[in-house]
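Q: One structure is given below, represented as structure tokens, and several questions about it will come after.
The values are calculated or read from the model by the stated rules, or taken from the named source; none is laboratory data. Keep in mind that this is a model prediction, so the values were computed, not measured. A quick note on method: Cβ atoms are made from the backbone with ideal geometry, for glycine too, and the neighbour counts reach across all protein chains shown.
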Number of protein chains: 2
Amino acid sequence: MLHAAVALADERGLEALTMRSLGQALGVEAMSLYNHVSNKADVLDGIVELVAGEVVAAVGEIGPPAQATEWKPVARERILTARQVLLRHRWAPSLLESRTDMPPSLLAYYDSLLALMREAGFSLDLAHHALHALGSRALGFSQELFTTDDKDVDPDAALLMFQQMAGRFPHLTELLKIVTHDPGSTLGRAGGCDDQFEFEFGLDLLLDGLERLRERAWELPAA
Amino acid sequence: MLHAAVALADERGLEALTMRSLGQALGVEAMSLYNHVSNKADVLDGIVELVAGEVVAAVGEIGPPAQATEWKPVARERILTARQVLLRHRWAPSLLESRTDMPPSLLAYYDSLLALMREAGFSLDLAHHALHALGSRALGFSQELFTTDDKDVDPDAALLMFQQMAGRFPHLTELLKIVTHDPGSTLGRAGGCDDQFEFEFGLDLLLDGLERLRERAWELPAA
DNA sequence: ACCTGAACACCGTTCAAGT
DNA sequence: ACCTGAACACCGTTCAAGT
């Protein structure tokens, strides 16, 4: 049943996952579901737990570093692998953020990340702050504020807005120009930014910064 | 009316903001609202726009750097100021992420951040990736995955879970111990982490990394 | 131009009733 | 033990009717 819920969310989005539609997908009335779960919250917790399981399974394939101080490429690979899983379940990030408590299998994932850093010489404090700094990036996603809605955009209206923007927001306009028109460089998807590139760029910025702090045996700034 | 909606969300949460409750707060039937907005989506867009206006007003107080290369402390102050505004509207971050298009006044904010970086010598590409890397942090928030729900936690059950965790997740347990028991160091709120400290730690990690790339006149890695 | 009440299509959920 | 249908309290929203 949870698998059916995941499939439904994958195919038709999280908002299409209702008790009634889930029942229908299972060839059963909505009310029957309450014999197996006590809540819709139970269903949501369940499907989050399911993709968390996928994440730990995929990440589990990745071995430890040959040398403990070589933590960075391993952390990077684990995180990018987690990302691959979450890209198959686009609804998972926002749902994950809305749940009040962490799914148990994710605890294993975070514990393994912590282990990686601790063994590389991170102090407990630094490893702690590192997890916070990575935030959702540790799981392979980062909520983008600029979402490019390419569909149903009127070219005339877009051009007009563009010209109005040029006056008030010159730097944004300049940026928009290279992002939408320039086919080379870091672009991937038509008309938008290359999510994967931007994700890795931000991730490396953080990992490199953390590595630098590790090398300097970072201590807490005096209070 | 939008002010009433913001007040309602501030006081009772976003889920308490319904057309009916908003009407009631204004001493009017819910259906009357449709004379002023065409949708509930309109209301949500409106209140997002309103706090975006608060952000640009607060950030506008902050002057430019004395020297263009001194972009970092100014960027830092702007971002922490934006954070102060968003902390007054706890519902804003998640709503901001769910909206499909960016509120116009936020474009001004992002344009000013871009200007700051460009004038400090950032290439257009680097400034672009910097905005993506900062992500929601540029606006002063970062979605925390671990939410400490201190309320209604049964001490006995917590202790039991703690002991079970100790075996399977030794590093997390060790972390939990310093976070909950140690009253000194980086702790702020009882039983949780110091959100403000963690936010600034992650922010500085990114800003420092970006400054380093700026100094080296960062170029795109060869494709 | 603005407000109202009844109504509709959707939710999650309860409950008594069936097998 | 599992399923069902009717019902309830909530949504957002439409529409004809009022002033």
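Q: Any chance you could count how many residues in region B:39-56 are surrounded by 13 or more Cβ atoms within 10 Å (Cβ to Cβ) and within 11 Å of DNA strand D (Cβ to nearest atom)? Let's see the steps before the verdict.
A: Looking only at region B:39-56, we keep the residues that are surrounded by 13 or more Cβ atoms within 10 Å (Cβ to Cβ), and these are B:40, B:42-56.
Now drop any that are not within 11 Å of DNA strand D (Cβ to nearest atom), which leaves B:40, B:42-44.
Result for region B:39-56: 4.
Q: Of everything in region B:16-41, what is part of a helix (DSSP H, G or I) and out of contact with any helix residue (DSSP H, G or I) (no Cβ under 9 Å at 6 or more places or on another chain)? Give them in sequence order.
A: B:N35, B:A41
Q: Also, I was wondering about something else. Quick one: which residue in A:A138, A:A108, A:A133 is in contact with a helix residue (DSSP H, G or I) (Cβ under 8 Å, 6 or more places away or on another chain), facing chain B (nearest Cβ under 9 Å), in a helix (DSSP H, G or I) and within 16 Å of A:L50 (Cα to Cα)?
A: Exactly one of A:A138, A:A108, A:A133 is in contact with a helix residue (DSSP H, G or I) (Cβ under 8 Å, 6 or more places away or on another chain), facing chain B (nearest Cβ under 9 Å), in a helix (DSSP H, G or I) and within 16 Å of A:L50 (Cα to Cα), namely A:A108.
Q: Still on this structure: Report the residue count in region B:115-140 for those that are closer than 17 Å to A:A166 by Cα, out of contact with any Asp or Glu (no Cβ under 8 Å at 6 or more places or on another chain) and among the hydrophobic types (A, V, I, L, M, F, W, C).
A: Summing the residues that are closer than 17 Å to A:A166 by Cα, out of contact with any Asp or Glu (no Cβ under 8 Å at 6 or more places or on another chain) and among the hydrophobic types (A, V, I, L, M, F, W, C) in region B:115-140 gives 1.
Q: Given the conditions (1) away from DNA strand C (no atom under 16 Å from the Cβ); (2) assigned to a helix (DSSP H, G or I); (3) within 14 Å of chain B (Cβ to nearest Cβ), which single one is not true for A:M102?
A: Answer for A:M102: the failing condition is (2).
Q: Does region A:75-92 hold any residues that are buried (at least 19 other Cβ atoms within 10 Å of the Cβ) and in a helix (DSSP H, G or I), and which are they?
A: Correct list: A:A75, A:R78, A:I79, A:A82, A:R83, A:V85, A:L86, A:A92.
Q: Looking only at region A:46-95, count how many residues are out of contact with any Ser or Thr (no Cβ under 8 Å at 6 or more places or on another chain) and among the small types (G, A, S).
A: Selection size over region A:46-95: 9.
Q: Looking at (1) crowded, with 19+ Cβ neighbours inside 10 Å; (2) part of a helix (DSSP H, G or I); (3) at pLDDT 95 or above, which is the one condition that is false for B:L96?
A: All conditions pass for B:L96, except number (3).
Q: When you look at A:V59, is it within 14 Å of DNA strand C (Cβ to nearest atom) and modelled with pLDDT of 95 or more, yes or no?
A: Here the answer is no, as A:V59 does not meet what is asked.
Q: Here's another thing I want to ask about it. Going through region B:10-25 one residue at a time, which ones are in contact (Cβ under 8 Å) with a residue 24 or more places away in the chain and either within 15 Å of B:P104 (Cα to Cα) or away from DNA strand D (no atom under 14 Å from the Cβ) (or both)?
A: Listed by number, the list holds a single entry, B:D10.
Q: Taking only region B:179-202 into account, find how many residues are at pLDDT 55 or above and of a type outside the set (A, V, I, L, M, F, W, C).
A: The qualifying residues number 9.
Q: Another question, then. Among residues belonging to region B:8-38 that are surrounded by fewer than 14 Cβ atoms within 10 Å (Cβ to Cβ) and away from DNA strand C (no atom under 15 Å from the Cβ), point out the one that is nearest to the other protein chains (Cβ to nearest Cβ).
A: Here the answer is B:G13.
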